[in-house]
Amino acid sequence: MDILASLWDGFAVAVLPINLALLVAGCFAGTLIGALPGLGPVNGVAILIPLTFAFGLNATSSMILLSAVYYGCMYGGRISSILLNIPGDEPAIMTTLDGYPMARKGQAADALAISGVASFIGATLATLGLTLFAPLLAKAAIYFGPADYFALYVMAFATIGGISGTDPRKTLLAALLGLMLGTVGLDPSTGVARYTFGSFNLYDGFDPIVALVGLFAISEILFFLEQKLQDGKLVPPGSVFPRLSRVKEGLGASLRGSAIGFLAGILPGAGASLGAVMAYSLEKRLNDKGSFGTGDPRGVAAPEAGNNAASGGALIPMLTLGVPGSGTTAVMLAMLISLNIQPGPLLFQRSPDLVWGLVAALYLANFVLLVLNLPLIGIFTRVLGLPAWGLMPLVVAISYLGVYAITHAAFDLMVMVGFGLLGFVLRKLDFSLVPVVLGLLLGMDMENNLRRALSISGGDFLILFQSPIALLLYGITGFFLALTLWLSRRDARRLAAETGE
Amino acid sequence: MTDRLAGICFLLLAAGYVWLSAGYTAGFGDPLGPAIFPRMIGIPAILLGLSLAIWPRHNADWAGPAGLLRQAAALVLLLGYALGLEPAGFLPATFAAVLGLGLLMGAPPLRGIATAAIAAAGLYLLFDRLMGLPLPMIGTWFG
């Protein structure tokens, strides 16, 4: 029962006044960020990271704040999906399918309550899963040697694009681009300056924090300017009090959605969006008698439980292996690495208060979020009326302020804008940004593990393929690559057949 | 078409990257050296870029002329904000940037000015005075 004992210690950390305050603030900010169209968990967490540095928060408090924001976004995303038919963030797209029709039928309060309860169920079950499985995975990961870690990173890069069906070549290219950007600066073991072009500003390489605020927050602004500005029609929430009977209709779907979402979250690269999509399509396949898409409560509950469960699941590989399962966890990983904390199996031994404090905080966050999202939902629906021209420039100002506060250099602000432009162009070209971040983050570690493996073997590259763990990981990588290649071919062919080319 | 261009860009970038790696030579005692890892990632990138240039699959839709102009203006504003934050100071620079971006996003002028003024002053008070992040209130340009 050492898990229970550890968890008890974790609660002692989580209820420290500073952590409790950050938790509530994070839940509130997260729900807000999630509710605002255009801002999602990745942007929200990216904007907040420089601030956590500037305020000198320790790693545990920072992780509690960011995870509360992450969970909060998953709750908040549904609000604008249901009331505006505009997903507040990417994972909430599936919630528009049945949520908005319910709102138009005057059942907005029901839909909000169903999805709020579903979010709670999904997030709580996922946190429970995290509590049980993360220590197990951490124990297994202790047997990983340098060659195995190298193989693990290869797998992470090959699979991070997920099975989304976008061109797998682009995912790999994005990862390689990130790795290339990661080699800029002084080589840690030989002291050779690589790709700095004589600029001393680049000797430390690109600060991942600066890069990802640019990639996720600044590029979003450029994206936003592209759309024709159209304000959705806000459906009035109607009756304030949800009916308990409607909430009950969504319970089964919530449980099934949670299970699927949790699995999707653990898989590298899949993340919350896939969790929501898979949960919705399974529910539809099981129960659809023509009511899905017209305001079926199960169609609201399943994707919400799915995306909340996936966000909990995504924390598992990030904490135990140091390989994130989603974009947002990749950004959190950046923060931990910048605080000189290397996630991985040893994290559970070296910083138990961080791991268990975080897990305990997640349980508490769910209750805070349930309160924020059921009785206090009115605050957040009012926010949706705020105009984008007032909010988006604020995001820019906060990004600049945060980055400037940690670096005090105009050069880093320019780097941030540069990464913003890069992120915009890459997204336009259908490249995913998560592999870029991951490459930038893990590149140095990947090279170091390769170095360590080679110095064990005296320079023989065969050592990379001698451990059974590494071979297993390469096998999984190969299988995954073949699967994505096959899926994307199939999609391309189907597309060609549809457009008649 | 955009896929072909992207492929060619990646090809050139990766080729230059691998070519530059030849200049990085190791001292002694390091089994890998500073050039091998860049080649291990550069060469696959060359091949993938080439494949993308030969077999493109996706074509990006760019914004119309008005949208592109708005994006270019925003980029100029963002760069100006980055360069101007220190010399102009946080208050004037933030006011200008929030106002400019707000107008680009369709803010009515008067309400945009009011929002920018409140945002600049509010963020300064909140972060510098209340939470203790040192920000340059007024820069060297103004005194």
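For region B:1-73, the Kirkwood estimate of the hydrodynamic radius, built from every pair of different alpha carbons, is 14.5 Å. Note on B:Ala15 and B:Leu83: with the Förster distance fixed at 25 Å, the Cβ-Cβ geometry gives a FRET efficiency of about 0.20. What is the log10 of I(q)/I(0) for region A:112-214, computed with the Debye formula using one identical point scatterer on each Cα and no solvent, at q = 0.14 Å⁻¹? Those come out to -0.92, one per q.
For A:Ser432, the shell of other residues with beta-carbons less than 14 Å away shows a net charge of +1, using +1 for Lys and Arg and -1 for Asp and Glu.
Does region A:360-433 classify as rounded, prolate or oblate by the C-alpha gyration tensor (a ≥ b ≥ c root eigenvalues; a/c under 1.5 gives rounded; else a/b over b/c gives prolate, otherwise oblate)? Prolate shape, in that a/c is at least 1.5 and a/b is the bigger ratio.
Would you please give the FRET efficiency between B:Arg57 and A:Arg104, computed as 1/(1 + (r/R0)^6) with r the Cβ-Cβ distance and R0 = 30 Å, to the nearest 0.05? Working from the Cβ atoms, E equals 0.20. Remark: accessible surface ordering of B:Thr140, A:Thr95 (largest first) is B:Thr140, A:Thr95, probe radius 1.4 Å. Residues A:Met74, B:Met40, sorted by accessible area with the largest first, give B:Met40, A:Met74 [1.4 Å probe; ligands and nucleic acids excluded]. Classify region B:69-143 as rounded, prolate or oblate, taking a ≥ b ≥ c as the square roots of the eigenvalues of its Cα gyration tensor: rounded when a/c is under 1.5, otherwise prolate if a/b is larger than b/c and oblate if not. Oblate, because a/c is 1.5 or more while a/b does not exceed b/c. For region A:68-125, dividing the convex hull volume of the Cα atoms by the residue count gives 65 Å³ per residue. Helical runs assigned H by DSSP (4 residues or longer) give chain B a calculated mean residue ellipticity at 222 nm of -23000 deg cm²/dmol, each run adding -39500 (n - 2.57) before division by the residue total. Over chain A, the Kirkwood radius and the radius of gyration, each from Cα atoms, give a ratio Rg/Rh of 0.96.
For A:Lys248, the accessible area of its heavy atoms, probed at 1.4 Å with every protein chain present, is near 140 square angstrom.
Measuring nothing but how far apart in sequence close Cα pairs (under 8 Å, 6+ apart) lie, relative to its length, chain A scores a relative contact order of 28 percent.
When only Cα pairs below 8 angstrom with a gap of at least 6 residues are kept, region B:30-143 shows a relative contact order of 26 percent. Across q = 0.09, 0.11, 0.14 Å⁻¹, region A:384-500 modelled as identical point scatterers on its alpha-carbon atoms has Debye log10 I(q)/I(0) values of -0.54, -0.76, -0.96, in the order of the q list. How far, in degrees from 0 to 90, does helix A:468-499 lean away from the longest principal axis of the Cα atoms of chain A, to the nearest 10? On a 0 to 90 degree scale, this one is about 50. With contributions of -39500 (n - 2.57) from each DSSP H run of at least four residues, the per-residue ellipticity at 222 nm computed over chain A stands at -24000 deg cm²/dmol.
For region A:1-72, count all C-alpha to C-alpha pairs, find those more than 19 Å apart, and express that count as a whole percent of the total. The answer is 38 percent, as a whole percent.
Would you look at the GNM of chain B, springs on alpha carbons closer than 10 Å, and say which of B:Gly122, B:Gly49, B:Gly33 moves the most? Its mean-square fluctuation being the largest, the pick is B:Gly33.
Which of rounded, prolate or oblate describes chain B when judged by the alpha-carbon gyration tensor and an a/c cut-off of 1.5? Note, shape of chain B comes out oblate.
Separation of region A:390-464 from region A:108-185 is 17 Å, based on Cα centroids. Under the criterion of Cα pairs below 8 Å and six or more residues apart, the relative contact order for region A:66-185 equals 14 percent. With the Kirkwood sum run over all distinct C-alpha pairs, region A:1-160 has a hydrodynamic radius of 17.8 Å.
Rounded to the nearest 0.05, the FRET efficiency derived from the C-beta distance between A:Ala410 and A:Ser245 at R0 = 41 Å is 0.10.
Hydrodynamic analysis of region A:247-321 uses the Kirkwood radius over alpha carbon pairs. Inserted into Stokes-Einstein at 20 °C and 1.002 mPa s, it gives a translational diffusion coefficient of 180 µm²/s.
Spin-label model, A:Phe200 to B:Thr25: label points 7 Å out along the Cα-to-beta-carbon direction sit 2.7 nm apart.
The values are calculated or read from the model by the stated rules, or taken from the named source; none is laboratory data. Everything numeric here is computed off the predicted structure, so don't read it as measured data. Ideal geometry is used to build each Cβ from the backbone, glycine not excepted, and the neighbour counts take in all protein chains shown. Surface areas here come from the heavy atoms of the whole protein model, side chains and all, with no ligands, DNA or RNA. Shrake-Rupley method; radii C 1.70, N 1.55, O 1.52, S 1.80 Å.
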